[in-house]
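Heads up, the thing below is written out as structure tokens.
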Amino acid sequence: MTAENAPAAGAPAPPRLFDVKEAVAAVPPTCWRGDYRLTAALAGAALAVEGGRHAEPELDLGWCVLPTAHGGPHYAVVRDLCGLVVWIKWLGPLAELVVLPDCRRTDGCGLFAGHSGRCSR
């Protein structure tokens, strides 16, 4: 910053610009497993869950979003209901759907309430 573009004495500091490298470094490494089997029965059940007016009308099949070294079952988003999310929870060949509220520990976490480990954001 030069003297010409420096804020006047007592003026608020300019807003900090978004730093992509900093944002990526803040997100913990993710498991990324996607070896679940979403049967027709599970897909139908996920679509039958009532959601808010901004609920996704279609399924969104993703990968496990938990940290790399998590223990226990994997979790992937199947459908966003706007405040609640239909997740598929699996361990090996066993899979079930669970509807869980969003994590509110940090703004924009992207995981479910009560998840283990750090928030995703």
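The values are calculated or read from the model by the stated rules, or taken from the named source; none is laboratory data. Please read all numbers here as calculations on a predicted model, not as lab measurements. Cβ: placed from backbone, ideal geometry, glycine included. Neighbour counts: every protein chain shown. Calculation scope for accessible area: heavy atoms of the full protein, side chains included, ligands and nucleic acids excluded. Shrake-Rupley method; radii C 1.70, N 1.55, O 1.52, S 1.80 Å.
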- Task: Give the residue, chosen from Arg37, Arg53, that is at pLDDT below 95, over 19 Å from the mean Cα position of the chain (by Cα) and over 26 Å from Ser116 (Cβ atoms).
- Result: Arg53
- Taking the range 73-101, which residues are open to solvent by 50 Å² or more (accessible area, probe 1.4 Å) and under 13 Å from the mean Cα position of the chain (by Cα)? Asp80, Cys82, Leu84, Pro101
- Could you please give the count of residues in the range 45-68 that are over 30 Å from Pro29 (Cβ atoms) and either among the aromatic types (Phe, Trp, Tyr) or assigned to a helix (DSSP H, G or I) (or both)? 3
- Report, by residue number, each residue of the range 104-116 that is closer than 19 Å to Gly71 by Cα and without any contact (Cβ under 8 Å) to a residue 40 or more places away in the chain. Phe112, Ala113, Gly114
- Note on the structure: Contact list, first residue from the range 40-58 and more than 11 Å from Leu97 (Cβ to Cβ), second anywhere and open to solvent by 80 Å² or more (accessible area, probe 1.4 Å) and acidic (Asp, Glu), beta-carbon distance below 7 Å, six or more apart or interchain, is none
- Message: With the structure loaded, tell me whether Arg118 is modelled with pLDDT under 90 and charged (D, E, K, R) or whether it fails that test.
- Response: yes
